[in-house]
Amino acid sequence: MTDKPTFSIEFFPPATPEGVEKLRLARAQLAQLNPAFFSVTYGAGGSTRDRTLEIVREIQAEGLHAAPHLSCIGATKDSIRDHLAEFREMGVTRIVALRGDLPSGMADPGEFRYANELVAFIRAETGDAFHIEVAGYPEFHPQARSATADLDAFATKVRAGANSAITQYFYNADAYFQFVDEAWARGVEIPIVPGIMPIASFSKLARFSDACGAEIPQWMRRRFEALGDDTASVKALGLDIVTELCERLLEGGAPGLHFYTLNQAGLTTTIWQRLGLA
Ligand code: FAD
């Protein structure tokens, strides 16, 4: 286990050339913060395959560290093998290994059922070539049968060969600390890095959170609702809330922070600077 906190940044692969250009600008700004790596999401079912690889290739070519996400739902062993070979050829050494969600209209779940099977497969195929990150859910995965079943599944996934985990975003620090305690009680003492979602628009955040199972505490909801469409005040409140959350997490022993940037540099840079990480 590493003692040095890991600060990292996440992008999604843009769908248009303009988006790719904007991401280059955001990345140049965020690279100045010197994050440990830039992760790049992957559309489950392979929908962003080429775009994810293109962004990963650009990041690696800039001398930075890319960590591609790789989801296994709908995939075959051969297709995952091809991905792993491409990553190695690009000099990638870190992967975020996920199950993903079967896209609507795609019926064939492929050769993997859960992320633990993907982790085991990557280890069996490539030994220690990759540092494997997995996903954790302090407020539990929306499809989990129960909190206990989800924690047990997380432990199984880590034992399959994960080195560390990144969590779904949350705004309740206690849920994170409890999740870490429960994971450690199951003997999986890996770094579990909180995923941090800066807040640009409260209405968008609320919609997105409902879909992914992240809870917005009532006090936050009420404070944002009181601000209505005053975007400057929403942004200022969001910065205060997220910076305080990060401070609490780091003071409580979180082994780093992973920022969901949504390809925007501004809010992450401000929070990073307020935390004195720059
Ligand atoms: P799993 O760990 O496989 O868990 C899925 C569900 O199955 C859980 O309810 C779990 O309790 C249960 N389960 C797990 N293992 C077992 C088992 N062996 N037996 C029975 N039940 C089990 N999605 C994307 O499409 N692309 C991305 O790039 C992406 N990046 C993400 C990054 C992070 C850090 C996080 C937190 C999520 C990301 N997601 C991404 C979303 C993720 O794909 C979804 O949340 C998906 O539904 C679950 O993926 P998982 O890897 O956590 O699945």
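Readers should treat all values here as calculations from the given coordinates under stated rules, not as data from a laboratory. This structure is a prediction, so every number in the text was calculated from the model and none was measured. With ideal geometry, Cβ positions are generated from the backbone for all residues, glycine too; neighbour counts draw on all protein chains shown.
The figures follow:
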{"quantity": "Amide H within-cut-off set for F11, under 5 Å, with H built and near neighbours excluded", "calculated": "S39, V40, T41"}
{"quantity": "Residue order, fewest to most surrounding Cβ atoms within 10 angstrom, among V56, V96", "calculated": "V56, V96"}
{"quantity": "Neighbour-count ranking [beta-carbon atoms within 10 angstrom, fewest first] of T243, T52, T93", "calculated": "T93, T243, T52"}
{"quantity": "Exposure proxy order (Cβ contacts within 10 Å, fewest to most) of F121, F179", "calculated": "F121, F179"}
{"quantity": "Note, ³J(HN,Hα) from phi for the stretch 120-134, Karplus 6.51, -1.76, 1.60, rounded to Hz, x at Gly and Pro", "calculated": "4, 5, 4, 4, 5, 7, 10, x, 9, 4, 10, 7, 9, 9, 10"}
{"quantity": "Cross-link table K204/K235; K22/K77; K4/K235, entries beyond 24 Å C-alpha to C-alpha", "calculated": "K22/K77; K4/K235"}
{"quantity": "Square roots of 5 times each gyration tensor eigenvalue, C-alpha, the chain, largest first, Å", "calculated": "28, 23, 19"}
{"quantity": "In range of the label at L102: residues from the stretch 39-55 whose backbone nitrogen is under 17 Å from the point 7 Å along Cα→Cβ", "calculated": "44-47"}
